[in-house]
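A short reminder: the numbers here are calculations on the coordinates, not readings from a lab. Remember, it's a predicted structure, so these values are computed and weren't measured experimentally. In this analysis, Cβ positions are derived from the backbone assuming ideal geometry, glycine residues included, and neighbour counts consider all displayed protein chains.
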Amino acid sequence: MDAVAKGGIVTFNCGPDPITIVMTATAKVRNTNKLLVLDGGNKVTLSGGGERRILYQNTCDAKQVWTTSHCQNQSTPKLVVQNLTFADGNSTGEKTEGGGGGAIFVRGGQFKVVNSVFVRNRCDATGPDLGGAAIRVLSQYKNRPVYVNHSTFGGAPGLGGTCSNGGALSSIGVSWTVLNSLFTDNTAIGNGANPKRKGTPGGGSGGAIYADGNKFTIKIAGTVIKNNHANEGGGAIFFVSNNRTGTLRIDASKLTNNPSDRFWTRGYPGIFFLGKGKPKVTKSKLS
């Protein structure tokens with residue numbers, strides 16, 4: 001945790017064998033850092049022990065130091081997590097910025113995920129707009145996309161994430177570029193959708209990915225999204241651009257067996273889409 005606060009390039013000197021480090025508190029990024037790279041060398045698992053979020057960055061959190069007058073749109077910190085496994089994170093009950101982000105919560109700066117694995121993470125089970133059992137992201141610098149590359153979310157039965165919305169990823173007004181990754185066995189377990197139906201707590205959309213807001217983009221390429229589930233809409237992807245300016249592109253990917261119990265967009269199995277035109281799907285299989 002001290003190394004995270006200091007920033008820079010952080011590696012782990014834990015010997016040649018794989019190791020699991022169970023966090024006793026959430027590691028928090030100081031906003032005075034220009035760059036933080038967490039590199040696990042493909043040997044380190046950071047675990048929330050089923051009790052806490054693992055990693056937190058928020059440029060608008062005064063406790064982590066305000067560094068600009070425009071905290072929601074600043075270029076740093078640049079946070080990169082790579083060659084790491086994030087397991088058993090749990091942000092249930094966290095209220096800051098609306099909660100979510102069972103393993104990682106990020107607001108502001110810039111964020112990238114490379115060659116990492118996320119298993120058994122979770123966040124609150126109900127709520128109309130919170131989400132991201134693995135990752136929740138808000139307010140990226142100049143709406144530059146969050147990059148996710150060669151990473152796995154779930155991977156096998158019993159390893160997926162669970163949250164009200166977004167069993168893996170969740171965001172509001174944030175763009176994503178997801179490359180060569182795998183999403184399986186993640187679940188949006190809320191009910192009542194967003195806005196929530198009368199008499200329900202809300203949630204249940206985006207089995208793997210939940211994205212809401214105004215103008216944002218999602219590009220998915222070389223990626224497999226399968227066996228995810230949403231109690232409401234978007235068993236694979238829930239995409240709502242409120243002002244219908246956002247775009248979704250899927251290229252050279254497979255989306256299969258991602259049931260949506262209540263609603264989806266006709267002709268796009270596993271997807272609920274409200275945005276600019278229609279999703280652009282090339283060289284991909286949706287079933």
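Note on Thr20/Thr282: beta-carbon distance plugged into 1/(1 + (r/R0)^6) with R0 of 41 Å gives a FRET efficiency of 0.55. Taking 20 Å as the cut-off, the amide N atoms of the range 248-287 that come nearer than this to a point 7 Å along the Cα-to-beta-carbon line of Asn242 belong to 248, 272-277. Take every DSSP beta bridge whose two residues both sit in the range 163-287; close to 5 percent of them are antiparallel. According to the Kirkwood relation over distinct C-alpha pairs, the hydrodynamic radius of the chain is 18.2 Å.
For a Förster distance of 25 Å, can you work out the FRET efficiency between the beta-carbons of Arg30 and His150, rounded to the nearest 0.05? Walk me through the numbers on the way to the answer.
Details: r = 28 Å, r/R0 = 1.12.
Efficiency computed from Cβ-Cβ geometry: 0.35.
Reducing the range 102-153 and the range 53-94 to their Cα centroids gives an inter-centroid distance of 10 Å. Around the Cα centre of the range 146-278, unit charges on the Cβ atoms of Lys, Arg, Asp and Glu (plus for the first two, minus for the last two) sum to a dipole of about 460 debye. For the chain, the list of Cys residues with no other Cys C-beta under 4.7 Å reads Cys14.
Note on Lys283: aspartates and glutamates with a C-alpha under 12 Å away, same-chain residues under 8 apart excluded, are Asp251.
Of Thr177, Thr96, Thr45, the residue with the greatest mean-square motion in the GNM of the chain, using alpha carbon springs below 10 Å, is Thr96. Size of the range 228-281 from its Cα atoms: along the principal axes, largest to smallest, the extents are 27, 25, 15 Å.
The calculated pair-distance distribution of the range 151-192 uses every alpha carbon pair, bins of 5 angstrom beginning at 0, and gives 7, 21, 26, 24, 16, 6, 1 percent.
Filter Lys34/Lys285; Lys142/Lys196; Lys142/Lys254; Lys63/Lys278; Lys63/Lys215 down to the pairs with a C-alpha to C-alpha distance above 32 Å, please.
Lys34/Lys285; Lys63/Lys278
Over the range 136-287, all Cα pairs binned in 5 Å intervals from 0 give whole-percent P(r) values of 2, 11, 21, 26, 23, 12, 4, 1, 0, listed from short to long.
Tell me the mean residue ellipticity at 222 nm calculated for the chain from its helices only (DSSP H runs of n ≥ 4, each -39500 (n - 2.57), averaged over every residue, nearest 500). Write out the running numbers ahead of the final one.
Details: 1 runs with 5 residues, N = 287.
Computed mean residue ellipticity for the chain: -500 deg cm²/dmol.
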